[in-house]
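Read through the structure below, which is laid out as structure tokens, and then see the notes.
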Amino acid sequence: MEARPATPARAPQKRATPGEFFAQVRDEARKVTWPTRRETTITTIMVFVMVVAASVFFTVVDQALRFLVGLILGV
């Protein structure tokens, strides 16, 4: 059995004060590339389309299985 190399010890991080924390959050939020209204609308429409497609698919599969189980059990 081979010996595993020791993992390097992490240096303890300095704790930020609440003011520093919120300043860091604000700085990170400025770096975010926010989607445009058009991108958000298209994405929302695609989510609704996929929800409808999934619901139709599962409805068809459910009805087919119900039919098959009915045939097998003779109900």
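What follows draws every value from the coordinates through simple rules; no lab data is involved. These numbers come from a predicted model, not from an experiment. Cβ coordinates were reconstructed from backbone atoms using ideal geometry, including for glycine residues, and neighbour counts include every protein chain displayed.
Report note on the peptides 37-48, 7-18: ranked by the mean count of other C-beta atoms within 10 Å, highest first, their order is 37-48, 7-18. The alpha carbons of the chain give a radius of gyration and a Dmax of 27.2, 71 Å, in that order.
Taken about its Cα centre, segment 1-72 carries a charge dipole of roughly 320 debye when the Cβ of each Lys and Arg holds +1 and the Cβ of each Asp and Glu holds -1.
Count Lys and Arg as plus one, Asp and Glu as minus one, and take only other residues whose Cβ is under 15 Å from that of Ile45; the net charge is then +1. Computed per residue of the chain from DSSP H runs no shorter than four, each worth -39500 (n - 2.57), the mean residue ellipticity at 222 nm is -24000 deg cm²/dmol.
Computed from backbone phi, the HN-Hα couplings of segment 17-27 come to 6, x, x, 5, 4, 5, 5, 5, 4, 4, 5 Hz, rounded to whole numbers (Karplus: 6.51 cos²θ - 1.76 cosθ + 1.60, θ = phi - 60°; Gly and Pro given as x). Phi angles across segment 40-45 convert, under the Karplus curve 6.51 cos²θ - 1.76 cosθ + 1.60 with θ = phi - 60°, into 3J(HN,Hα) values of 5, 5, 4, 5, 4, 4 Hz, Gly and Pro given as x. The listed peptides 51-61, 26-36, ordered by packing as a protection proxy, come out as 51-61, 26-36 (highest mean of other Cβ atoms within 10 Å first).
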